[in-house]
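Taking it in order: structure first as C-alpha cells, then the write-up.
Just so you know, all these numbers are worked out from the coordinates, no wet-lab data involved. What you see is a predicted model; the values in this text were computed from it and never measured. Reconstructed Cβ throughout: ideal geometry from the backbone, glycine too, with neighbour counts over all protein chains shown.
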Amino acid sequence: MPIKSEIDSIFKYEKAVNLLIDNKEKLDTEQTKNSEIYKKTGQRPQSYLDDSLYKVLQDKNLRFSRYEIKIDGKDTTITFKSSLGDFYMRGNHKDKEADYTIFWHSIVYTNKTTKEFKNEDDKDDTPSAVIKIKDKYYYHIWSGLEY
C-alpha cells in the first residue's frame, strides 16, 4: 500500500520538483567541476549545492529527501528515494530459504508515459507496484528476498 502520509502531502513533492528543476543547470555545472577535480586529484570535493538542496528537502519534512534527476531531451524524471534505513521487512514463510522479504519505496515525478501495475502475488512472494498518485506523480514499491 502507498504510504498515506506522503501521498496526502504530495504538494511538498511538487514544490521539491520545482526547486530541483530550477537548480538543475547549476547542479550539472557543479557536478562537472567536481568530476574534473576528482580526475586531477583523486579526491571527491564537497558538493555544496547538492548538499544544500538535500538539506532544504529535509527541512520540508519529506520522508524521501534523497533524489535522483534524469533529464533526456524533453523527458524529466525525478525519483525521491528511500534511504537505507527507510524500508520495511517482514518474516517470510513462502520461501523457506529466505528469512525476510524487504520492501523499498519511492515517489517519482515524470512527464514520460508511465504504466501502472500491481504485482501482489508471485511465486517468489516479492510484490511490487507502480501507482499513480496524481498527474505525473507515482508511488513505486518493490521488494526482494533477504537471505
Task: Degrees, to the nearest 10: 24-41 long Cα axis against longest axis of the chain - done: 80
Task: Cα-based helix-to-principal-axis angle, 48-59 vs the chain, degrees rounded to 10 - done: 50
TODO: Beyond 23 Å between alpha-carbons counts as too far, so tell me which of LYS4/LYS136; LYS26/LYS115; LYS4/LYS123 fall in that bin.
DONE: LYS26/LYS115; LYS4/LYS123
Open item on the list: Using a 7 Å offset from the Cα along the Cα-to-Cβ direction at both ASP135 and ASP59, what is the distance between the two label points in nm, to one decimal?
Closed with: 3.1
Open item on the list: Just to confirm the number: angle between the C-alpha axis of helix 10-22 and the first principal axis of the chain, 0 to 90 degrees, nearest 10?
Closed with: 30
TODO: Would you calculate the separation in nanometres between label points at ARG90 and TYR48, each defined as 7 Å from the Cα along the Cα-to-beta-carbon direction?
DONE: 4.7
Task: Listed candidates (1) 16; (2) 32; (3) 26 - label of the one calculated as percent of Cα pairs over 28 Å apart - done: (2)
Task: Above-threshold pairs, the threshold being 18 Å between Cα atoms, out of LYS112/LYS134; LYS12/LYS132; LYS15/LYS118; LYS24/LYS74 - done: LYS15/LYS118
